[in-house]
Amino acid sequence: MSGFEGSYGGHAGRISPQAVMECKICWSVYDPALGDATRQIDPGTPFTDLPDDWSCPTCSADPHQFMVLRDPGAERHLEALRIKAATERLVTDFTEVWHGKMRDVPLVNKALRVEAVGFRLYDGMMLGVLISPWFMNLILLPDGQDWSDLVAGQKEVVDFPSGAYEFIHNSREMTGGYKACSLFSPMAQFTRQQDAVDVAQAVMAALFDPANMAETDRRADIRAAREA
Ligand code: FE
């Protein structure tokens, strides 16, 4: 169940491209897999992409009169909306830091800008790479968890298929609590934004590749450092 059955009400953002819709006046169904042959709407056209002048093929009701019959893409769609909102906040926050206090710091790379790359859900959290003109970090953000009381500077080892990585807790007013694992700092070796994005995507792929286990498993190092 999507949880949104019957509550479409014209909120296009709430339904996924796979949503099957039903006219609440005459019960005609719009299935995006089938399209609407009577109006030359191709199969594969999401309900939200129907032309402005589209109406119920049977009773001519306005699209706002349609309800969600079923939405197999709802969970993924809502996930994507949550990730989009969280990463936009993160990027806005660090872009303000960039323009506010980092721009005139000598070690920054002015060819780069703040960008969030590859964010996805991992183990109930959001995980991705944040690029900035002065660092590239793996970032964990909460997805419903309360991270408001994270203690800045506290360390935590997080397991991935390729090994264990040390994240440092932090908190910012706009972003809220987050956990960061440093990949690069400073960023002098990147000549273009796209180079940094390519590396960020490669990092995300490598993180989930068990073949990298031997190379990247820092658990022993971390434990040894702690004991020392
Ligand atoms: Fe209808």
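The values are calculated or read from the model by the stated rules, or taken from the named source; none is laboratory data. This is a predicted model, so every value here is computed, not measured. All Cβ positions, even for glycine, are placed from backbone atoms using ideal geometry, and neighbour counts span all protein chains on display.
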(message) When the residues of the stretch 116-147 are narrowed to those that are assigned to a loop (DSSP other than H, G, I, E, B) and among the polar types (S, T, N, Q), which ends up nearest to residue 95 (Cα to Cα)?
(response) 132
(request) Kindly indicate whether any position in the stretch 29-44 is within 15 Å of the ligand (Cβ to nearest atom), basic (Lys, Arg) and part of a helix (DSSP H, G or I). (result) yes
(request) With the condition kept exactly as written, say whether any residue in the stretch 34-46 is surrounded by 15 or more Cβ atoms within 10 Å (Cβ to Cβ), in contact (Cβ under 8 Å) with a residue 24 or more places away in the chain and among the hydrophobic types (A, V, I, L, M, F, W, C). (result) no
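Looking only at the stretch 148-182, which residues are assigned to a loop (DSSP other than H, G, I, E, B) and either farther than 17 Å from residue 93 by Cα or over 21 Å from the mean Cα position of the chain (by Cα) (or both)? Even if it seems obvious, please write down each step before you answer.
Within the stretch 148-182, the subset assigned to a loop (DSSP other than H, G, I, E, B) is 148-154, 161-162, 173-175.
149, 150, 151, 152, 153, 154, 161, 162 - these are the residues of the stretch 148-182 that are assigned to a loop (DSSP other than H, G, I, E, B) and either farther than 17 Å from residue 93 by Cα or over 21 Å from the mean Cα position of the chain (by Cα) (or both).
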(request) Kindly indicate whether residue 112 is closer than 19 Å to residue 185 by Cα and either part of a strand (DSSP E or B) or in contact with a strand residue (DSSP E or B) (Cβ under 7 Å, 6 or more places away or on another chain) (or both). (result) yes
(request) Being within 16 Å of the ligand (Cβ to nearest atom) and of a type in the set (Gly, Ala, Ser) is the filter; apply it to the stretch 50-87 and report the residue that is farthest from residue 38 (Cα to Cα). (result) 61
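Modelled with pLDDT under 95, surrounded by fewer than 18 Cβ atoms within 10 Å (Cβ to Cβ), acidic (Asp, Glu) and out of contact with any helix residue (DSSP H, G or I) (no Cβ under 9 Å at 6 or more places or on another chain): is that true of residue 96 in this structure?
Working: modelled with pLDDT under 95: no; surrounded by fewer than 18 Cβ atoms within 10 Å (Cβ to Cβ): yes; acidic (Asp, Glu): yes; out of contact with any helix residue (DSSP H, G or I) (no Cβ under 9 Å at 6 or more places or on another chain): yes.
Taking the combined requirement at face value, the residue does not satisfy it.
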(message) Would you confirm, using the coordinates I've provided, whether residue 171 is at pLDDT 95 or above and of a type in the set (S, T, N, Q)?
(response) yes
